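Participant: One structure, as structure tokens, below. Some questions next.
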Amino acid sequence: MPSGRKLANTPNYSGRLTPPLTAPAARPDAFGSSLKLSFAEYSEKFKYELLSYTQDILLALMQLAECILFLISFTYRLVLRMGAPIAIALAVFPGMTNNIAEWFGKYINYTLLPTVAAVYSSIAFKVTLK
């Protein structure tokens, strides 16, 4: 340390605390630059906290949307499974042969829906970790 002075309340070699130093002679711009530095520090902390809260809210919304998609998928697959015998029975009649293909297409669509949602969720989670 310059000029052999100790910081305030630091132990000296005998183990006793030294009295606090008096304030150095103030320069005209010292308070202003200190205030600017302090304001910039708090501004950065505020930006980080705001970003963190926004990220948490968006992640919660994403998980909620994913749960809703899983629920919709489960419900539609349950209804489609119950309607499968009807679609197969109607496929026997002329003019209704397209029913089984339509049923199968919808079933595949609603089966893949939660998988696609999970992939998007995984990608979003990996992006937030970086």
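Participant: Report the residue count in the stretch 72-114 for those that are aliphatic (A, V, I, L, M), part of a helix (DSSP H, G or I) and over 30 Å from residue 62 (Cβ atoms).
Facilitator: Count: 9.
Participant: Name every residue in the stretch 42-82 that is over 30 Å from residue 129 (Cβ atoms) and touching a helix residue (DSSP H, G or I) at 6+ places or on another chain (Cβ under 7 Å), in order of residue number.
Facilitator: The answer is 76, 77, 80.
Participant: Tell me whether the stretch 109-124 contains one or more residues that are surrounded by 11 or more Cβ atoms within 10 Å (Cβ to Cβ), within 30 Å of residue 52 (Cβ to Cβ), under 23 Å from the mean Cα position of the chain (by Cα) and in contact (Cβ under 8 Å) with a residue 60 or more places away in the chain.
Facilitator: Checking the stretch 109-124: at least one residue is surrounded by 11 or more Cβ atoms within 10 Å (Cβ to Cβ), within 30 Å of residue 52 (Cβ to Cβ), under 23 Å from the mean Cα position of the chain (by Cα) and in contact (Cβ under 8 Å) with a residue 60 or more places away in the chain.
We did not get these values from a lab; they are worked out from the coordinates using the rules stated. Just so we're clear, the structure is a prediction, and the values are computed from it rather than from any experiment. When we count neighbours, we look across all protein chains shown, and the Cβ atoms used for this are built from the backbone with ideal geometry, even at glycine.
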